[in-house]
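Just so it is clear, none of the values below were taken in a lab; they were calculated from the coordinates. What you see is a predicted model, and the numbers here were worked out from it, not measured in a lab. Counting neighbours? That spans all protein chains shown, and the Cβs are built from the backbone with ideal geometry, glycine included.
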Amino acid sequence: MADPASSLGQDPKHLWQIITEKLREELPHQSFLTWFKPIKALSFDGRVLTLHIPSRFYYDWIEGHYNGHLKRAIKESLGGEIELAYSVDPERRTVSVDADAASIRARVIPPAQDRDRVSDNYLNPRYRFDNFIEGDCNRFARAAAMSLAEAPGKTPFNPLMIYGGSGLGKTHLMQAIGNHIVEHGRARKVLYVTSEQFTADFIKAIQSSRSDSFSRIYRKVDVLLLDDVQFFMAKDKTQEEFFHTFNSLHHAGKQLVFSSDRPPRELEGFNARLVSRLQWGLVSELRTPEYETRIAILKNRAGEAKIDLPDEVAHFLATHITDNVRSLQSALIHMLAQSTLIGRKISIDLARDVLKNLSNRPLQAVSVERIQDMVAKEFGIPSDLLRSKTRKKDVVQARQIAMFLSTEFTRLTLKAIGLHFGGRDHATVIHARETINEGVKSSRDMAEAVESLRHRIELTAL
Ligand code: ADP
Ligand code: MG
């Protein structure tokens with residue numbers, strides 16, 4: 001394989017420029033600007049290109065979302081492989097970062113054919129038990145994982161099969177097991193691998209008639225952590241190889257840990273014997289985290305990054321993002337990026353913007369009645385006046401604000417909203433919306449009243 005250093009010289013800026021040109025073609029413009037534009041090349045030692053990034057979050061984010069792009073861009077633009085190291089630039093740092101996290105190294109993982117050493121265990125030191133927050137949703141799986149990490153191959157949890165939806169912590173937990181075992185010397189050879197990688201290695205081995213090297217890697221480990229086995233669905237040959245690997249390792253008393261996005265019995269197209277093997281040990285589910293756990297995860301993550309996350313913002317995020325941990329963290333990271341890049345304060349406003357941009361996810365639905373109650377309370381009038389025929393000035397204004405907020409917070413049609421206000425028609429709702437839109441622009445009092453109501457509705461939208 002070409003040596004990128006010799007063909008391109010040693011200038012780090014030049015190297016990085018070539019890589020980023022490729023990235024710029026591949027990525028949406030905004031993503032490129034946000035995540036790659038602020039990065040500067042610092043040094044290149046012939047093998048490792050060191051990059052300056054504005055904060056640790058960049059590393060996490062890039063690693064989580066753009067690792068594949070980066071790998072490809074390096075390969076395509078340089079025709080070879082180099083390693084990347086990231087370092088947090090102390091001058092431009094607007095969030096403080098732990099001293100020991102100030103320089104983070106990441107390997108760009110080489111393609112399968114270049115990899116036949118078990119010493120590459122693919123463990124990411126960031127995933128640990130101590131930052132895997134415990135809650136009802138994961139207590140059992142976490143406890144099982146910890147006990148087997150203390151004594152791999154010697155507990156009844158063999159195999160341990162962790163299942164659950166995307167972003168609920170399967171990879172984190174598996175990696176934590178691996179890291180714990182390595183750090184405490186509980187086993188010698190630990191290998192974490194995704195099922196895609198397993199499949200790619202297997203296919204490669206067959207194509208190059210080097211199946212011996214495949215077995216050498218996979219059957220000689222003491223602990224095999226195989227992530228996302230649902231990927232084997234409808235892949236007969238790989239499944240078969242997996243089955244043999246399983247038998248050979250299990251027979252030798254080695255520890256096996258698997259994950260899947262569904263329970264074993266729902267793995268379609270899986271050989272029945274394999275399904276039964278997967279259930280030999282312990283099958284444990286990761287569920288969506290409950291509110292308290294979501295808050296704890298947010299606080300912990302913010303703490304790691306030394307971000308001051310106000311309680312109401314944590315509450316706001318935990319209220320609106322309920323499906324998985326990954327999206328919770330994305331929101332936090334986006335907020336941090338925004339506050340770092342354009343100096344916005346971490347607030348509910350910022351959180352709301354981030355949420356809007358992150359997904360088309362509508363905010364939790366609120367009922368019209370609920371909005372009416374809150375507006376009426378704000379105006380100190382009984383809420384049924386909003387549904388009455390009264391044309392008194394302050395009631396009209398309160399009614400218009402309530403209609404306006406109903407168009408914003410509910411998914412009802414204008415017609416349906418009108419019906420909730422004593423059977424008014426949709427033109428009245430449109431008129432209310434326009435009036436308040438104008439009012440917010442021309443009157444500061446109105447703007448503040450609407451804003452404060454918005455906050456309160458969002459906060460109680462449980
Ligand atoms: P999965 O593999 O199930 O799709 P991941 O393990 O990749 O999910 O988790 C997604 C993100 O959420 C990761 O950044 C992970 O660190 C984080 N995460 C998930 N569960 C927890 C938890 N209980 N405590 C702290 N972080 C978590
Ligand atoms: Mg995963």
Grab the Cα-Cα distance for Glu304 and Ser31, subtract it from 0.36 nm times how many residues apart they are, and report the gain in nm with one decimal. 95.9 nm
Net length gained if the chain between His455 and Phe129 were fully extended (0.36 nm per residue, minus Cα distance): 113.8 nm
Taking the Cα atoms only, what angle lies between the long axis of helix 195-207 and the longest principal axis of the chain, rounded to 10 degrees? 40 degrees
List, in order, the whole-Hz ³J(HN,Hα) value for each residue of the range 303-316 obtained from phi through the Karplus relation with A = 6.51, B = -1.76, C = 1.60 and θ = phi - 60°; use x for Gly and Pro. x, 4, 8, 6, 9, 8, 9, x, 3, 5, 6, 4, 4, 4
Output the direction-averaged projected area (hull surface divided by four) of the convex hull of the alpha-carbon atoms of the range 259-405, in nm². 14.2 nm²
Kindly provide the helix-only [θ] at 222 nm of the chain, computed as the sum of -39,500 (n - 2.57) over DSSP H runs of four or more divided by all residues, to the nearest 500 deg cm²/dmol? -16000 deg cm²/dmol
Could you give the alpha-carbon Rg of the range 129-285 over 2.2 N^0.38 Å, rounded to two decimals? 0.98
Where a ≥ b ≥ c are root eigenvalues of the Cα gyration tensor, a/c under 1.5 meaning rounded, otherwise prolate if a/b exceeds b/c and oblate otherwise, the range 193-277 counts as oblate
Report the FRET efficiency, 1/(1 + (r/R0)^6), for Lys13 and Asn67, where r is their Cβ-Cβ distance and R0 is 25 Å, rounded to 0.05. 0.65
Separation between the Asp323 and Glu369 pseudo-spin-labels, each 7 Å from Cα along Cα→Cβ, expressed in nm? 2.9 nm
For the range 25-66, alpha-carbon Rg and Dmax in angstrom: 11.2, 31
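Fully extended, how many nm does the chain gain between Arg287 and Thr390 (0.36 nm per residue separation, minus their Cα-Cα distance)? List each step's numbers first, then the result.
Details: separation 103, 0.36 × 103 = 37.08 nm, distance 4.99 nm.
Working it through step by step, the gained length comes to 32.1 nm.
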From Cα pairs below 8 angstrom and at least 6 apart in sequence, can you work out the relative contact order of the range 381-462, rounded to a whole percent? 24 percent
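List the trypsin sites (Lys or Arg not before Pro) within the range 294-338 that fall in a DSSP loop (any state other than H, G, I, E or B) and whose Cβ has at most 15 other Cβ atoms within 10 Å.
Working: sites: Arg294, Lys299, Arg301, Lys306, Arg326; in loops: Lys306.
Those that pass, being in a loop and sparsely packed, are Lys306.
Could you calculate, for the range 365-439, the ratio of the Cα radius of gyration to the Kirkwood radius, expressed as Rg to Rh?
My calculation puts Rg/Rh at 0.91.
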Point-to-point label distance, Ile206-Ala447, nm (Cα→Cβ direction, 7 Å offset): 6.5 nm
Phe140 to Lys356: FRET efficiency via 1/(1 + (r/R0)^6), r the Cβ-Cβ distance, R0 30 Å, to the nearest 0.05? 0.25
So how far apart, in nm, are the two label points at Thr413 and Ser276 if each is 7 Å from Cα heading toward Cβ? 5.6 nm
With the label point 7 Å along the Cα-to-beta-carbon line of Lys189 and a cut-off under 19 Å to each amide N, the hits in the range 217-254 are 217-227, 241-254
By how many degrees, 0 to 90 and rounded to 10, does the Cα axis of helix 348-358 deviate from the longest principal axis of the chain? 60 degrees
Taking amide H positions as placed in the peptide plane 1.01 Å from N, state which residues far from Leu84 in sequence (5 or more) or on other chains have amide H under 5 Å from it. Leu49, Ala106, Val108
Here the tail fraction of P(r) beyond 36 Å, over all Cα-Cα pairs of the chain, rounds in percent to 44 percent
Which whole-number percent gives the relative contact order of the chain, counting Cα pairs below 8 Å spaced six or more residues apart? 12 percent
Per the range 291-359, sqrt(5λ) over the Cα gyration tensor eigenvalues, sorted largest first, in Å, gives 17, 13, 10
